[in-house]
Amino acid sequence: MMFTSFDDFSFLKILSFLKAHKSEFLSGQDMSDILKISRVAVWKDIKKIRSLGYKIESKQNLGYRLLDSSELLLPWEITENLTTKFLGKRVYYFDTIDATQNFATEIASNDIENGTIIISKKQTEGRGRMKRKWESPTGGIWMSIIFHPKFDVSYATLVPIATSLALCIAIEKILKIKPELKWPNDVTLKGKKVAGILVDTSIISNEIESMVLGIGINFKIRPNKLAGSIKKTPNFYGIATLVKKNERALPLIQQFLHELENIFQLINSKNIKKIKSEWTKRSSTIGKNISIITNGGNLNGKAIKIDSNGALIISMGKKTERILVGDVTHG
């Protein structure tokens, strides 16, 4: 099952009508007359809307009334009341996909897809950094964002840092909890991972053609069940769920897109200092003694800071090392 924010689905007219008159019943005949469709078409559309998780009450002689929205992250719900200028204006929604990152990468070069989101209820072949498998069960938020940057290619390595910062700020504002940021791109809660960022970049003639940001969020999952299948993954340090109750994921996604667009604007205007300071304030890595696995071997030292490209600077006695790619373990 796939839906987009730009296709004209017939049932959306009925849904909009029900939303506009949320507290009152609307008769099938009235909707038939106003929308100029048959009563059978009204009934079929109501059935379709219900199948997507919307709660609709029906009463004989009164008609239909919308009681509650769907919990699915459907395109028209994401785009409704969105405050961004370009992020999230086009949305593809899948019930199941191999990986949102794969689909996004295929369409990323098309100019019209700048800011597009691909989101799926679950993934069968989700992947994390360093080609690791990323388990993506129902209950999480699995999405990719296509981005055509205006900034210099040297800032490409800052994007995972910036994206995880935007997500962290959105979580603080919407869920009123305070996660931390583990270099380079993990969001953690009480030392356990709740989200990760993956970035695939297409560079042509030393210019960024497109970036695809993969965002995996353990929004409402069962950590123990998930941990059992991935605890043997290299550098596994535990996983957590963001929420346990019935919070909706939609406000978090909309806030995240808003924060991410703001942070991209900071990169465009070269205000990297603010990104660094806001990330550092929330970082669980800076100031810690760490071990880091890099392509050149294992290093041990104290994490001092990140630089303007998002590289981690570690102190090793009298010398410092600058690390752009690596797996960190906190001491």
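The values are calculated or read from the model by the stated rules, or taken from the named source; none is laboratory data. In this text the structure is predicted, and so the values were computed from the model without any measurement. Don't worry about glycine lacking a Cβ; one is built from the backbone with ideal geometry, like all the others, and counts go over all protein chains shown. Only protein heavy atoms, including side chains, enter the accessible area calculation; ligands, DNA and RNA are left aside. Shrake-Rupley method; radii C 1.70, N 1.55, O 1.52, S 1.80 Å.
Number of residues in region 41-68 that are over 35 Å from the mean Cα position of the chain (by Cα) and open to solvent by 90 Å² or more (accessible area, probe 1.4 Å) equals 3. Output the qualifying pairs, or none if there are none: Cβ atoms under 8 angstrom, residues six or more apart or on different chains, first residue in region 70-88 and within 18 Å of L12 (Cα to Cα) and without any contact (Cβ under 8 Å) to a residue 40 or more places away in the chain, second residue aromatic (F, W, Y) and assigned to a loop (DSSP other than H, G, I, E, B). Between residues of region 70-88 that are within 18 Å of L12 (Cα to Cα) and without any contact (Cβ under 8 Å) to a residue 40 or more places away in the chain and residues that are aromatic (F, W, Y) and assigned to a loop (DSSP other than H, G, I, E, B), the close pairs are S70/Y54. Restricting attention to region 120-165, the residues that are in contact with a strand residue (DSSP E or B) (Cβ under 8 Å, 6 or more places away or on another chain), modelled with pLDDT under 90 and assigned to a loop (DSSP other than H, G, I, E, B) total 6. Evaluated against (1) crowded, with 17+ Cβ neighbours inside 10 Å; (2) touching a strand residue (DSSP E or B) at 6+ places or on another chain (Cβ under 8 Å), I174 falls short on exactly one condition, (2).
Can you pull out the residues in region 291-305 that are of a type in the set (V, I, T) and within 28 Å of the chain's Cα centre (by Cα)?
Listed by number, the residues that qualify are I292, I293, T294.
Looking only at residues that are over 23 Å from P179 (Cβ atoms) and either of a type in the set (D, E) or within 28 Å of the chain's Cα centre (by Cα) (or both) in region 314-324, which one is surrounded by the most Cβ atoms within 10 Å (Cβ to Cβ)? Here the residue is E321. Restricted to strands (runs of 3 or more DSSP E) entirely inside region 1-115, those with at least 2 residues that are of a type in the set (K, R) are 55-59. Scanning region 240-268 for residues that are under 17 Å from I221 (Cα atoms) and either open to solvent by 20 Å² or more (accessible area, probe 1.4 Å) or small (G, A, S) (or both) turns up A240, K244, K245, N246, E247, R248, A249, L250.
Here E106, E71 are screened, and the one residue that is modelled with pLDDT under 95 and either open to solvent by 50 Å² or more (accessible area, probe 1.4 Å) or over 25 Å from the mean Cα position of the chain (by Cα) (or both) is E71. Among residues belonging to region 273-293 that are surrounded by 14 or more Cβ atoms within 10 Å (Cβ to Cβ) and in a strand (DSSP E or B), point out the one that is modelled with the lowest pLDDT. So the residue we want is I293.
The residues of region 215-229 that are open to solvent by less than 30 Å² (accessible area, probe 1.4 Å) and at pLDDT below 85, listed by number, are I221, L226, A227.
Could you run through region 294-323 and say how many residues are in a loop (DSSP other than H, G, I, E, B) and free of Cβ contacts under 8 Å to residues at least 40 places away in the same chain?
5
Considering region 22-40, and only residues there that are open to solvent by 40 Å² or more (accessible area, probe 1.4 Å) and touching a Leu at 6+ places or on another chain (Cβ under 8 Å), the residue that is farthest from L252 (Cα to Cα) turns out to be F25.
Taken together, the residues in region 168-185 that are within 16 Å of T285 (Cβ to Cβ) and either among the aliphatic types (A, V, I, L, M) or in contact with a Pro (Cβ under 6 Å, 6 or more places away or on another chain) (or both) amount to 4.
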